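Notes follow the structure.
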Amino acid sequence: MEQEMITLEINGKTVEVPKGTSILDAAKAAHIKIPTLCYHPDLKAGASCGICVVRQLVPSRNPADNGKLVPSPKLLRACCTEATQGMHILTHDPDIVQVRKTVLELILANHPSDCLQCPRSGSCELQAIAADFGIREVPFPREVIHRDVDNSTPSIVLNSDKCIKCGRCAEVCQQMQNVWALEFIGRGEKTVMAPAAGVKLAESPCIKCGQCSAHCPVGAIYENDETSKVWDALRDPEKICLVQIAPAVRVALGEAFGMKPGSLTTGKIYAALRMLGFDKVFDTNFSADVTIMEEGTEFIKRFTEGGKLPLLTSCCPAWTDWMEKYAPDFTENFSTAKSPQQMLSALAKSYWPAMNNVDPAKIHVTSIMPCTAKKHEIIRDENMKSTGYQDTDVVLTTRELARMIKAAGIDFNDLPEEEADKLLGTYTGAGTIFGVTGGVMEAALRTAYCLITGEAKPPSIDFNEVRGMDGVKTATIDIKGTKVNIAVAHQMGNVEKVLNQIREDRKNGVKPRYDFIEVMACRGGCIGGGGQPCLATDEVRALRTKGIYTDDEKSVLRMSHENPEVQALYRDYLDGKTGAQGGEKAHHLLHTNYKQLDVYKFGK
Amino acid sequence: MDRSTLEGDPHSILEAMTIAGYAIGASKGFIYIRAEYPLAIHRLQVAIGQAHDLGLLGDDILGSGFSFDIELRFGAGAFVCGEETALLQSIEGNRGMPKPRPPFPAVKGLWGRPTVINNVETLANVPVIINKGADWFNKIGTATTKGTKVFALTGKVNNSGLIEVPMGTTLREIIFDIGGGIRGGHQFKAAQTGGPSGGIIPPQFLDTPIDYESLAKIGSIMGSGGLIVMDETDCVVDVAKFYLDFTVDESCGKCAPCRIGGRKLLNYLTKITDGRGTLDDIKQMEAISDAMCKASLCGLGQTASNPVKSTLKYFMDEYLEHINDKKCRAGKCSKLIQYKIDPAKCKGCTLCARKCPVNAIAGAVKQPHTIDQTKCIKCGQCEANCKFGAISHG
Ligand SMILES: Cc1cc2nc3c(=O)[nH]c(=O)nc-3n(C[C@H](O)[C@H](O)[C@H](O)COP(=O)(O)O)c2cc1C
Ligand code: SF4
Ligand code: SF4
Ligand code: SF4
Ligand code: SF4
Ligand code: FES
């Protein structure tokens, strides 16, 4: 369809933009930056800060002026006002700048301004805009309305003293994620951002995806920092410190060091982790390959033997949490395979010590994840202690790892690349694409094709049907005449419509329209994870995604079952069988189960 | 006054809404009313029932083929829920918070559909205009503002109550003719129109004809039609503080200028009425007022600083007196009042010392007494009781 275009004048420059464009975006097209604070491109403009005000020039009402354009005394908010044909906009004049500055000073007057101790120092939008406006002192008396910090979950911390009430987190949690854990509570100056009914986050519907923390402009919602636990382990001479890094970390960590989003830094991360003092460096991409063996054979078994379909992927603990709260009617559809993080940790405390003759009691496993939900996953139930110990000891987000590397004075940008350690370190291209939406599905299809047909590889190794940023992607894959119907959904709020389709099929007593469904709670998959460098937009996500596919393309092996270390694992330790094939060890170490959870935990 | 229309003539509103529905092709109308107005609600319910019985509401009204129904929705009394976008949110069952406009409700309103929102007084005019014709209506009022306006006239006037005057009537006519002048022989000092966010109008504008334009020009608004009259015993700084106290409480909390700015203004006003104000405070209040007007999302924040702006403009001398001389000429700001005993008049009878609830007065019998200003709570008991007129305040 032809996009209808409009033209308008901004600061005297004519711009042409599609109808429906906001004044903010139209100005961007004219290379003019209107300052914003509450606005985030992922979200519908909430219009709460009032920083983005601009002036419209309107025909004078004075007949003597003959319709001359004069500045309107009223200002418009650029973020939420649609540009219209023939509009004249002034984005900066001394009066507008003064209004913006006063609003900013008011916000700062109610902010703790303890930037030096703030987790967001350096990536805070309030700090940046205060610097842009050259604020040196705040003329109004400081008044911070104090409320206790909510650190009830192991994943995220809510410090409402710093909250500027932009509303992003609630919009993310409600609209993007369909969780509804956060909402403005109270009115006027008493307004706070918090879970409803005065409960703590841990008692709320929160699924710990951390998307609120990745969108918060300031340090009001942030990851629960556990770096000190890791420093302690590294200092302990008795401990054997093992570490794993997730697929999505390698294409985002560089951003914290000024690199372009999507820069592939796998080898540098391995090197930095060794410099930090880890004894062995493993890669979650290896266990992603293991996941394909487990989940893939589980799918083939259900698909060929008439088991419960559709099979739902289980790699994302926030999705698991959501299902257990909001869609318990899908419990039996869930793959019992653990997430790659939990598989690697279980193997790091069983297989690895068995092969190296060390005492598993001495092993400490740190896991570097793009994800805050994984911090909660490691204690979700007894299955997370399959080795007799807590399988994963500490989860650090990408953001926390960046801070550790900086604190250790490691010159990350110039670091020579290293390799991962043996047994749990080799990965295929299929393992690395777990970091993007559609990746688990694509990896599974590559292997399933070979296992079902007995052929060496599918006609095309790339399954483009499952790639891209559409919220729900569906396709029918032809495996030599066998049709497999699949769906891929990412960003939690997109999932319910897929589940509702299945519910409809169930009600009508027909075969479910999908056989296999992949779900990732975060937009774009884990590359857009809640523990990644903050404030990602679709532009950033696209670059990170590109980085992941580049890693896949340059891999010699691109199918999980070809991974020699995976083959060795099954041969030497797991009795040659996956869980679905009746392997008891694999079942014990690599699988879990699910239960229904209360949406709110009142008085429990 | 809208409440009295609803209580006194609910059918006029039902009729007007039905006409409005017919005009725009709507099939459903809502009356959003505070739950605290039980009588108005009751009468509306009765009227809706009667209208149904008479075939004036419901399917195929009077055989016209047009169907229309009206539903009541109750608000919890939040001031901001009178703002049209917040009102729509509230009807939809959401938090009553304003939304950016455009899109205006007429384009995208209730549940995303085009919606017309009108005030009770506006609607009450509709049946009359239709019956008597536009020409008749246009004869009333000024060149730009037609018709009449109902005011709730209160304050220091002899006759207070609801009044209806043609647009363009001057404040002087309202206050001195209809209102019967200032109570107790006091002096007119100021009038405030438009509810809590209206401006405060000084005596030099008594002869301004009241319509939308001229009120805007002198820094006030028509708003809810409140009209409060003040005399020289009212302190304008204290009045501004009173209104800010209300709007700060009623801000929905969404936007920074309104949520934080309102509180800061109130703090400065409190500081000034407490005698701790500085000249710099005035500068900051001006900056905040301007930012609130220009950067707030809805009418509440945009107008909340009007009482401050208008008093700064017309009564700066009183602010300066509070700040520089620590004086409140109206004697309203209790922290600025000092009770003093004139030693020449004091007979040393000790009555005041005995009446003082905080023992702030000392002095030997038959000797002039003195008041310890650090203890005095400005209750005025001493002055009221002194038989020799020795005690005064200022
Ligand atoms: C803060 C605020 C409170 C308001 N309260 C009311 C109210 O109580 N009643 C009312 O009729 N209009 C109120 N209004 C105005 C309405 O939003 C709306 O503009 C008006 O009712 C439109 O009707 P009219 O065009 O017929 O005057 C309020 C506006 C604001 C900004
Ligand atoms: S972590 Fe996710 S679910 Fe929890 S409050 Fe934040 S956005 Fe909502
Ligand atoms: S917690 Fe952060 S994202 Fe949420 S409203 Fe406050 S400042 Fe905005
Ligand atoms: S999509 Fe990835 S980063 Fe996001 S919650 Fe799930 S596992 Fe974590
Ligand atoms: S101006 Fe005040 S009442 Fe209006 S939306 Fe903003 S905060 Fe809410
Ligand atoms: S960026 Fe537009 S109101 Fe905040």
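Below are the figures for this structure:
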quantity: Residue list for the range B:257-274, restricted to those being at the interface with chain A (Cβ under 7 Å from one of its Cβ atoms), within 8 Å of ligand 5 (Cβ to nearest atom) and open to solvent by less than 10 Å² (accessible area, probe 1.4 Å); calculated: B:Pro257
quantity: Residues located in the range A:185-219, provided they are in contact with a strand residue (DSSP E or B) (Cβ under 7 Å, 6 or more places away or on another chain) and within 14 Å of chain B (Cβ to nearest Cβ); calculated: A:Ile185, A:Gly186, A:Thr191, A:Val192, A:Met193, A:Ala194, A:Ala196
quantity: Every residue from the range A:556-575 that is under 10 Å from A:Leu423 (Cα atoms) and either touching an Asp or Glu at 6+ places or on another chain (Cβ under 9 Å) or among the polar types (S, T, N, Q) (or both); calculated: A:Glu565, A:Val566
quantity: Residue in the range B:202-229 that is farthest from B:Ile174 (Cα to Cα), counting only those that are open to solvent by 10 Å² or more (accessible area, probe 1.4 Å) and touching a Gly at 6+ places or on another chain (Cβ under 6 Å); calculated: B:Gly219
quantity: Odd one out for A:Arg302, checked against (1) open to solvent by 30 Å² or more (accessible area, probe 1.4 Å); (2) part of a loop (DSSP other than H, G, I, E, B); calculated: (2)
quantity: Elements of type helices (runs of 4 or more DSSP H) in the range A:312-397, at least 1 residues being closer than 30 Å to A:Lys497 by Cβ; calculated: A:317-326, A:340-348, A:373-377
quantity: Tally of residues being under 30 Å from A:Ser213 (Cβ atoms), at the interface with chain B (Cβ under 8 Å from one of its Cβ atoms) and open to solvent by 40 Å² or more (accessible area, probe 1.4 Å) across the range A:33-79; calculated: 0
quantity: Number of the condition not met by A:Leu106 [criteria: (1) more than 9 Å from every other protein chain (Cβ to nearest Cβ); (2) not in a strand (DSSP E or B)]; calculated: (1)
quantity: Lone unmet requirement of (1) within 11 Å of chain B (Cβ to nearest Cβ); (2) more than 32 Å from the chain's Cα centre (by Cα); (3) open to solvent by 50 Å² or more (accessible area, probe 1.4 Å); (4) more than 14 Å from A:Pro35 (Cβ to Cβ) for A:Glu82; calculated: (2)
quantity: Out of B:Ala287, B:Ala291, sole residue that is at the interface with chain A (Cβ under 7 Å from one of its Cβ atoms), open to solvent by 10 Å² or more (accessible area, probe 1.4 Å) and either closer than 23 Å to A:Pro94 by Cβ or in a helix (DSSP H, G or I) (or both); calculated: B:Ala287
quantity: Pair list, Cβ < 6 Å and 6+ apart or interchain, from the range B:77-103 residues that are within 8 Å of ligand 5 (Cβ to nearest atom) to residues that are open to solvent by less than 30 Å² (accessible area, probe 1.4 Å) and among the hydroxyl-bearing types (Ser, Thr, Tyr); calculated: B:Pro98/B:Thr85
quantity: Single match in A:Asp93, A:Asp114, A:Asp161, A:Asp150 (criterion: within 16 Å of ligand 2 (Cβ to nearest atom), without any contact (Cβ under 8 Å) to a residue 60 or more places away in the chain and either open to solvent by less than 50 Å² (accessible area, probe 1.4 Å) or farther than 19 Å from B:Met292 by Cα (or both)); calculated: A:Asp150
quantity: Any helices (runs of 4 or more DSSP H) falling wholly within the range B:3-119 and containing at least 2 residues that are open to solvent by 70 Å² or more (accessible area, probe 1.4 Å), assigned by TED's automatic domain parsing to the domain that holds B:Val248 and over 22 Å from B:Gly301 (Cα atoms); calculated: none
quantity: Hits in the range B:175-187 - residues which are part of a loop (DSSP other than H, G, I, E, B) and open to solvent by 70 Å² or more (accessible area, probe 1.4 Å); calculated: B:His186, B:Gln187
quantity: Selection count, the range A:128-146, where residues are more than 14 Å from every other protein chain (Cβ to nearest Cβ) and either in contact with a Phe, Trp or Tyr (Cβ under 8 Å, 6 or more places away or on another chain) or more than 16 Å from ligand 6 (Cβ to nearest atom) (or both); calculated: 4
quantity: Selection count where residues are part of a helix (DSSP H, G or I) and open to solvent by less than 50 Å² (accessible area, probe 1.4 Å), scope the range B:242-254; calculated: 5
quantity: Failed condition for B:Lys327, given (1) more than 27 Å from B:Lys217 (Cβ to Cβ); (2) within 11 Å of ligand 5 (Cβ to nearest atom); (3) in contact (Cβ under 8 Å) with a residue 60 or more places away in the chain; calculated: (2)
quantity: Failed item in (1) over 27 Å from A:Pro458 (Cβ atoms); (2) surrounded by fewer than 17 Cβ atoms within 10 Å (Cβ to Cβ); (3) of a type outside the set (Phe, Trp, Tyr), with A:Lys480 passing the rest; calculated: (1)
quantity: Residue identified as away from ligand 2 (no atom under 16 Å from the Cβ), away from every other protein chain (no Cβ under 14 Å) and touching a Cys at 6+ places or on another chain (Cβ under 9 Å) among B:Lys309, B:Lys332; calculated: B:Lys332
quantity: Restricting the range B:131-174 to residues that are in a loop (DSSP other than H, G, I, E, B) and of a type in the set (D, E, K, R), the residue that is surrounded by the fewest Cβ atoms within 10 Å (Cβ to Cβ); calculated: B:Lys139
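Rundown of residues vs (1) open to solvent by 10 Å² or more (accessible area, probe 1.4 Å); (2) within 19 Å of A:Leu574 (Cβ to Cβ); (3) within 16 Å of ligand 2 (Cβ to nearest atom), yes/no style:
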{"site": "A:Thr313", "(1), (2), (3)": "no, no, no"}
{"site": "A:Ser335", "(1), (2), (3)": "no, yes, no"}
{"site": "A:Gln341", "(1), (2), (3)": "no, yes, no"}
{"site": "A:Lys362", "(1), (2), (3)": "yes, no, no"}
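Conditions (1) surrounded by fewer than 18 Cβ atoms within 10 Å (Cβ to Cβ); (2) under 19 Å from the mean Cα position of the chain (by Cα); (3) within 16 Å of ligand 6 (Cβ to nearest atom); (4) free of Cβ contacts under 8 Å to residues at least 24 places away in the same chain, marked per residue:
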| position | (1), (2), (3), (4) |
| --- | --- |
| B:Leu297 | no, no, yes, no |
| B:Val308 | no, yes, no, no |
| B:Leu312 | no, yes, no, no |
| B:Gly331 | yes, no, no, no |
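The values are calculated or read from the model by the stated rules, or taken from the named source; none is laboratory data. Computed from a prediction, not measured in an experiment: that's the story for all the values here. Neighbour counts run over all protein chains shown; Cβ positions are idealised from the backbone, glycine included. Quick note on the areas: whole protein, heavy atoms, side chains included, nothing else; ligands and nucleic acids left out. Shrake-Rupley method; radii C 1.70, N 1.55, O 1.52, S 1.80 Å.
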